[in-house]
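*Asks:* Here you go, one structure.
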Amino acid sequence: MPNLKPLEPNKIILIGASTGGPGHIKKILTALKPEFNATIIIAQHMGNEYIPSFVKQLNSICCHNVNSVVSDNLLLASQVYVSSLLTSIKISSKGLSCLQKKPIASGYNPDIDYLFTSAAKISDQISVLGIILTGIGSDGVNGCRLIAENGGECIAESETSAIVDGMPMQARKTVPNIKILSLNEIINEINLFGALDV
């Protein structure tokens, strides 16, 4: 494994969401503590043309920088990234970065499973937390399962706070040892996971 520089993350939080997700994500980012030290990568289903506006909204409420994912840009600690298209994470001699490509066939934008599956491949080298929030369908569930099977941690939003209990329900059924938490409990878990190592 390459030696990560001080500003490069050793903890990554992946958040997958669909219907009802933007409001939940805003609550999460608003609650981030200033000393939060993990990197967050968000995969929220929405049209590609709306993502720049979404990033701008999130930047206005978050005490950490929120960025659109750009291929080959190094990921930094204490930063938030919003993915689109097919986004994957890779480790190279330069550090940790994302790659993006357009899907061959029409599908979800972004594809949560694609992002989560790429993180599962590096979860033996970097601490990974995968979170499935409110949404229709099952996107992200297989990727979340792979993260769990490769030593990462996983959370599914509980039925009590999910606006649409599709994706979280499928994750609860499919992912071994997954934590089931309400949105407020997820916010607490994110801040604990992203706390500075003592």
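*Asks:* Of the residues Asn59, Asn67, only one is without any contact (Cβ under 8 Å) to a residue 24 or more places away in the chain and assigned to a strand (DSSP E or B); which? Steps first, answer last, please.
*Replies:* Working: Asn59 fails: assigned to a strand (DSSP E or B).
From the options Asn59, Asn67, the qualifying one is Asn67.
*Asks:* OK, next. Can you report the number of residues in the range 133-171 which are assigned to a loop (DSSP other than H, G, I, E, B) and of a type outside the set (A, V, I, L, M, F, W, C)? Break it down into steps so the answer makes sense when it comes.
*Replies:* First pass over the range 133-171, keeping only residues assigned to a loop (DSSP other than H, G, I, E, B): 133-134, 136-140, 150-152, 158-164, 166.
Still in the running and of a type outside the set (A, V, I, L, M, F, W, C): 134, 137-140, 150-152, 158-161, 166.
Final tally of qualifying residues: 13.
*Asks:* Of these, Leu76, Leu96, which one is in a strand (DSSP E or B), touching a residue at least 60 places away in the same chain (Cβ under 8 Å) and of a type outside the set (D, E, K, R)?
*Replies:* On the way: Leu76 fails: in a strand (DSSP E or B).
Unique residue meeting the criteria: Leu96.
*Asks:* Check Ile28, Ile91 and return the single one that is modelled with pLDDT under 95, outside any loop (DSSP other than H, G, I, E, B) and hydrophobic (A, V, I, L, M, F, W, C).
*Replies:* Values: Ile28 fails: modelled with pLDDT under 95.
After ruling out the rest, the residue left standing is Ile91.
*Asks:* Now for a separate question. Could you list, in sequence order, all residues of the range 86-112 that are buried (at least 22 other Cβ atoms within 10 Å of the Cβ), within 22 Å of Pro168 (Cβ to Cβ) and not β-branched (Val, Ile, Thr)?
*Replies:* Going residue by residue through the range 86-112, those that are buried (at least 22 other Cβ atoms within 10 Å of the Cβ) are 87, 89, 96, 110-112.
Of the ones still in play, those that are also within 22 Å of Pro168 (Cβ to Cβ) are 87, 110-112.
Pro110, Asp111 - these are the residues of the range 86-112 that are buried (at least 22 other Cβ atoms within 10 Å of the Cβ), within 22 Å of Pro168 (Cβ to Cβ) and not β-branched (Val, Ile, Thr).
*Asks:* One residue is enough: does the range 99-108 have a residue meeting the conditions in a strand (DSSP E or B), more than 25 Å from Asn150 (Cβ to Cβ) and either in contact (Cβ under 8 Å) with a residue 24 or more places away in the chain or of a type outside the set (A, V, I, L, M) (or both)? Give the steps one after another, and end with the answer.
*Replies:* Within the range 99-108, the subset in a strand (DSSP E or B) is 99-101.
Checking the rest, the ones that are also more than 25 Å from Asn150 (Cβ to Cβ) come to none.
There is no residue in the range 99-108 that is in a strand (DSSP E or B), more than 25 Å from Asn150 (Cβ to Cβ) and either in contact (Cβ under 8 Å) with a residue 24 or more places away in the chain or of a type outside the set (A, V, I, L, M) (or both).
*Asks:* Is there a residue being surrounded by 20 or more Cβ atoms within 10 Å (Cβ to Cβ), out of contact with any Gly (no Cβ under 7 Å at 6 or more places or on another chain) and closer than 16 Å to Thr134 by Cα anywhere in the range 31-40? Walk me through how you get there before you give the answer.
*Replies:* Start the filter on the range 31-40 by keeping residues that are surrounded by 20 or more Cβ atoms within 10 Å (Cβ to Cβ), which leaves 32, 36, 38-40.
With out of contact with any Gly (no Cβ under 7 Å at 6 or more places or on another chain) added as a condition, the list becomes 32, 39-40.
Now drop any that are not closer than 16 Å to Thr134 by Cα, which leaves none.
Taking every residue of the range 31-40 in turn, none turns out to be surrounded by 20 or more Cβ atoms within 10 Å (Cβ to Cβ), out of contact with any Gly (no Cβ under 7 Å at 6 or more places or on another chain) and closer than 16 Å to Thr134 by Cα.
*Asks:* Would you be able to tell me the number of residues in the range 125-179 that are among the acidic types (Asp, Glu) and surrounded by fewer than 24 Cβ atoms within 10 Å (Cβ to Cβ)? Explain how you work it out, then say what you get.
*Replies:* Here is the first cut: in the range 125-179, the residues among the acidic types (Asp, Glu) are 139, 149, 153, 157, 159, 165.
The next check asks that each one be surrounded by fewer than 24 Cβ atoms within 10 Å (Cβ to Cβ); those that pass are 149, 153, 159, 165.
Total satisfying the criteria: 4.
*Asks:* Being in contact with a Cys (Cβ under 9 Å, 6 or more places away or on another chain) and in a loop (DSSP other than H, G, I, E, B), is that true of even one residue in the range 178-197?
*Replies:* At the first step, the residues of the range 178-197 found to be in contact with a Cys (Cβ under 9 Å, 6 or more places away or on another chain) are 178-179.
Restricting the remaining residues to those that are in a loop (DSSP other than H, G, I, E, B) gives 178.
Taking every residue of the range 178-197 in turn, at least one turns out to be in contact with a Cys (Cβ under 9 Å, 6 or more places away or on another chain) and in a loop (DSSP other than H, G, I, E, B).
The values are calculated or read from the model by the stated rules, or taken from the named source; none is laboratory data. In this text the structure is predicted, and so the values were computed from the model without any measurement. Cβ sites come from the backbone with ideal geometry, for glycine too, and all protein chains shown count toward neighbours.
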